[in-house]
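The values are calculated or read from the model by the stated rules, or taken from the named source; none is laboratory data. Given the structure is predicted, the values throughout are model-derived calculations rather than measurements. Backbone-built Cβ (ideal geometry, glycine too); neighbour counts: all protein chains shown. Heavy atoms of the whole protein, side chains included, go into the accessibility calculation; ligands, DNA and RNA do not. Shrake-Rupley method; radii C 1.70, N 1.55, O 1.52, S 1.80 Å.
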Amino acid sequence: MSASRKGTPKSSKGTKNYWCPHAGKIWAVGEFQSEDKAKKTIKLSVKEDKTVSDYPIDACVFIEDNSIITEAVDDLTSLSQVNDATILNCSRIRFDNSIIYTSIGAVLMAVNPFERIEGLYGRANITKYHWDSRDANIAPHIYLTPAGAYKAMASFGKNQSLIISGESGAG
């Protein structure tokens, strides 16, 4: 989605914010300051590093609802606004809170936490996720994927397959 529209868009809730390119975080939140229609730029105050800079309008993404800035949903398909910035931001929030599993519809995304997370695995979680399905109100977890495949195989008598993909050494 591009932020370029006629005039300055209005946020549904308060301050007008944009996702803008950021060297350290890829995307950062910038608060709208002004627009130069001739240069096709907007001036944003970037909260991350407290700088004020001009950005090409086409390089920024208007944040329609400011609650998306702190949104950390279990399933990325349920984000209120879906784009590169919101997906990365949600993933970053979940990672910062040691929540390494996120659903993307039927796909499970795992992020390497680079540390041991106590209570993430073990008998209690095996039991918790054993027969639960993706429809249940349960957090995404690696144990949910084979449980869902096993449940489908047992219920429908159809063979199942799982694809595990990642960087070299990930699986």
Q) Here is a list of conditions, (1) at pLDDT 95 or above; (2) over 30 Å from Asn137 (Cα atoms), and Lys25 meets all of them except one; can you say which number that is? A) (1)
Q. Does region 94-102 contain any residue that is assigned to a helix (DSSP H, G or I), of a type in the set (Lys, Arg) and closer than 30 Å to Phe62 by Cα?
A. yes
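Residue-wise test of (1) over 30 Å from Val29 (Cβ atoms); (2) touching a strand residue (DSSP E or B) at 6+ places or on another chain (Cβ under 6 Å); (3) at pLDDT 85 or above; (4) open to solvent by 30 Å² or more (accessible area, probe 1.4 Å).
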position: Cys60; (1), (2), (3), (4): no, yes, yes, no
position: Ser67; (1), (2), (3), (4): no, no, yes, yes
position: Leu79; (1), (2), (3), (4): no, no, yes, no
position: Asn89; (1), (2), (3), (4): no, no, yes, no
position: Ser103; (1), (2), (3), (4): no, yes, yes, no
position: Arg116; (1), (2), (3), (4): yes, no, yes, yes
position: His130; (1), (2), (3), (4): yes, no, no, yes
position: Asn159; (1), (2), (3), (4): yes, no, yes, yes
Q) Taking region 132-144 as the search range and keeping residues that are of a type outside the set (Phe, Trp, Tyr), modelled with pLDDT of 80 or more and open to solvent by 40 Å² or more (accessible area, probe 1.4 Å), which one is farthest from Ser78 (Cα to Cα)? A) Ile142
Q: For region 14-44, name all the residues that are β-branched (Val, Ile, Thr), open to solvent by less than 50 Å² (accessible area, probe 1.4 Å) and touching a residue at least 40 places away in the same chain (Cβ under 8 Å).
A: Val29
Q | Every residue from region 118-128 that is at pLDDT below 90 and either surrounded by 15 or more Cβ atoms within 10 Å (Cβ to Cβ) or under 18 Å from Ala149 (Cβ atoms) (or both) | A | Asn125, Ile126, Thr127, Lys128
Q) Looking only at region 30-69, which residues are part of a loop (DSSP other than H, G, I, E, B) and in contact with a helix residue (DSSP H, G or I) (Cβ under 8 Å, 6 or more places away or on another chain)? A) Lys40
